[in-house]
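The values are calculated or read from the model by the stated rules, or taken from the named source; none is laboratory data. Since this is a predicted model, take the numbers as computed values, not measurements. When we count neighbours, we look across all protein chains shown, and the Cβ atoms used for this are built from the backbone with ideal geometry, even at glycine. When the accessible area is computed, the model is the full protein with side chains, heavy atoms only, and any ligands, DNA or RNA have been set aside. Shrake-Rupley method; radii C 1.70, N 1.55, O 1.52, S 1.80 Å.
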Amino acid sequence: MSEALQGATNVQLYQLRALIDTMLADPKRTAAAVAELHLGQAVQFVDFRSGQIRRGKLIARRGEQATVLEDQVRRTWKIPAVAVEPALSPRDETNDSYQPPPEPAARHDLRGFSVGDKVTFDDGNGKALVGIVTRINRRTAGIGTTDGRQWRVDFQLIRHVLDV
């Protein structure tokens with residue numbers, strides 16, 4: 001393709017680029033590209049740095065972005081879904097089905113606490129306070145202290161109180 005464009009002027013190349021960018025941004029084109037991709041599928045894409053066609057396996061898709069694991073170098077690429085297409089020729093693959101990576105473990109800090117637990121934490125001045133967990137949120141716990149105050153504390157700052 002580059003040989004065919006060698007004789008074009010800069011303005012012509014820029015005009016061609018604007019036309020291509022407009023066509024690639026078309027929502028219908030994006031929706032069609034996303035619809036034909038599925039996890040584990042053998043795909044090909046263009047390395048934007050060198051212009052070479054590369055092959056890989058689709059390992060994730062989020063919205064209009066695809067994550068491809070390149071076969072030869074075991075490198076992942078995050079690229080627009082319109083830049084990925086199913087591989088043209090069947091490859092000699094084993095019948096191993098794609099196994100997505102396991103989901104990230106839930107935050108350990110959150111699991112260790114529940115409503116009613118007796119906990120300790122430091123206030124902003126370094127003073128240790130003791131209280132009871134009254135509420136569990138995504139990132140914080142509501143804690144009622146013995147002096148009647150309510151605190152909202154990040155799980156990383158809370159420690160269990162062991163009664164002996």
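Worth a mention:
- Residues located in region 148-159, provided they are within 15 Å of residue 122 (Cβ to Cβ) and more than 33 Å from the chain's Cα centre (by Cα): 149
The rows are residues; the columns are (1) out of contact with any Asp or Glu (no Cβ under 9 Å at 6 or more places or on another chain); (2) modelled with pLDDT under 85.
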residue: 79; (1), (2): yes, no
residue: 82; (1), (2): no, no
residue: 89; (1), (2): yes, yes
residue: 99; (1), (2): yes, yes
residue: 105; (1), (2): yes, yes
residue: 109; (1), (2): no, yes
residue: 118; (1), (2): no, no
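- Selection from region 139-153 of residues that are touching a residue at least 12 places away in the same chain (Cβ under 8 Å) and either over 13 Å from residue 112 (Cα atoms) or not in a strand (DSSP E or B) (or both): 139, 143, 144, 145, 146, 150, 151, 152, 153
- Any hit, region 34-53, residues being open to solvent by less than 100 Å² (accessible area, probe 1.4 Å), at pLDDT 80 or above and part of a helix (DSSP H, G or I): yes
- Within region 1-33, the set of residues being free of Cβ contacts under 8 Å to residues at least 40 places away in the same chain, of a type outside the set (Gly, Ala, Ser) and either within 20 Å of residue 84 (Cα to Cα) or not in a helix (DSSP H, G or I) (or both) comprises 1, 6, 9, 17, 19, 20, 21, 22, 23, 26, 27, 28.
- Residue check for residue 70: acidic (Asp, Glu), at pLDDT below 90 and open to solvent by 70 Å² or more (accessible area, probe 1.4 Å): no
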